[in-house]
Amino acid sequence: MIPATRAELARLIDHTLLKPEAAQAQIDRLCDECLEHRFFAACVNPVWVAHCAARLADSETVVAGVAGFPLGASTTESKAYEALTAVDDGAAEVDMVINLGALVAGDRAAVTRDIAEVVASVKHADPAALVKVILESRVLTHEQIALGCACAAEAQADFVKTSTGFHPAGGATVEHVALLKKHAAPLRVKAAGGIRDLATALAMLEAGADRLGLSASVAVLTAYGAA
């Protein structure tokens, strides 16, 4: 659904900085932009979660951490611990990367267990915290996308997400957002990776995205016009 105002669009955006070279000054600027524009979340690497949670305390912006990022090839136990630590540090959401190799191989049990243990760890720390499952959709077939959605739903995650934005195959596409919306219900859909302008952002929302992960959040919001 297309938001009616710029303020409504801001509440659909996870303002994101996941570059490994990001320094504190850049993270602080991200937080300041979240406070100014009232983005839904600040999405950062684990090392910055506590810092962002402190800076954004008592604001409308929550902190989203990541687990198993960006490869998804960590052990399930390490992903679960990373997710738990993020919540303990103040994250209200955790974006985890799926076991991509297991998904490509069609190993439903392994993929589901990987997600479920992260979900259990997060919900034990905070029942209200949300888990988003990153599928890396550009490297998957339609059948593998459908399987990933089924595994995320079975594991009781809250969202499926298109991409990390770090894979050389690329990020979100309108087609894949529509596939996630079709196969993941009742889970919500986050589109992320390569969304750099307003037209692309709105196309993702029209295709069924409930949330957008953007690093170009301010530019996209500015292009939308006045609230």
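The values are calculated or read from the model by the stated rules, or taken from the named source; none is laboratory data. None of these values were measured; they are calculated from a predicted model. Positions of Cβ are generated from backbone atoms using ideal geometry, with glycine treated the same way; all protein chains shown enter the neighbour counts.
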How many of the residues making up region 1-40 are out of contact with any helix residue (DSSP H, G or I) (no Cβ under 8 Å at 6 or more places or on another chain), of a type in the set (G, A, S) and more than 18 Å from M204 (Cα to Cα)?
2
Sort out for me the helices (runs of 4 or more DSSP H) sitting completely within region 157-227 that have 2 or more residues that are surrounded by fewer than 21 Cβ atoms within 10 Å (Cβ to Cβ), out of contact with any strand residue (DSSP E or B) (no Cβ under 7 Å at 6 or more places or on another chain) and charged (D, E, K, R).
174-184
Answer yes if at least one residue in region 27-42 is modelled with pLDDT of 95 or more and either among the hydroxyl-bearing types (S, T, Y) or under 17 Å from V122 (Cβ atoms) (or both), and no otherwise.
yes
Within region 129-185, the residues that are polar (S, T, N, Q) and in contact (Cβ under 8 Å) with a residue 12 or more places away in the chain are S137, Q144, Q156, T162, S163, T164, T173
So, R196, is that one over 25 Å from A105 (Cβ atoms), touching a Lys or Arg at 6+ places or on another chain (Cβ under 8 Å) and at pLDDT 95 or above or not?
no
Here are some residues: T61, T75. Which one is β-branched (V, I, T), at pLDDT 95 or above and surrounded by fewer than 21 Cβ atoms within 10 Å (Cβ to Cβ)?
T75
Restricting to region 127-156, give me the number of residues that are assigned to a strand (DSSP E or B) and either over 11 Å from I98 (Cα atoms) or out of contact with any helix residue (DSSP H, G or I) (no Cβ under 7 Å at 6 or more places or on another chain) (or both).
4
Which of the following residues is among the aliphatic types (A, V, I, L, M), touching a Phe, Trp or Tyr at 6+ places or on another chain (Cβ under 9 Å) and modelled with pLDDT of 95 or more: A54, A22?
A22
